Amino acid sequence: EWLDHVNLRHVATQFCGYASATVYLSAYIPQLVENYRSKSTEGLSMLMFILVILANTTFCLSVLTFQKPTYEYLRKYASWLLGASGTIWLELAVLYQFYCYRNNYRHYHSTGSSSSIAV
């Protein structure tokens with residue numbers, strides 16, 4: 001009976017880990033699509049994406065260096081590594097969009113008042 005409880009907890013933990021990775025990875029798709037459609041990354045903070053890449057990279061390194069990465073250890077933490085390392089690639093895709101669309105920003109001009117209007 002105790003063994004069934006432990007296995008159920010393990011299954012629930014792994015399910016939550018993979019569900020989290022799926023949601024985390026899926027969260028970038030609408031932004032990538034919107035950037036592609038508008039051919040712009042206007043309004044996005046490049047620094048935020050750079051910092052998130054650094055955060056996910058250090059997270060992956062911490063998991064991989066916490067102990068010797070045996071098969072069982074990697075299997076146990078695979079969902080978290082997938083979520084963190086997978087988003088690094090999606091964040092790099094957004095940074096690539098910053099590069100591709102760098103000249104596509106709207107230009108603002110002053111109308112003589114204190115406000116600016118998009119041209």
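Every number here is computed from the coordinates shown, using simple stated rules; none is lab data. All values reported here derive from a predicted model rather than from experimental measurement.
Based on alpha-carbon atoms, the Kirkwood radius and the radius of gyration of the stretch 1-104 give Rg/Rh equal to 1.12. Pairwise Cα distances in the stretch 8-58 exceed 15 Å in 65 percent of cases.
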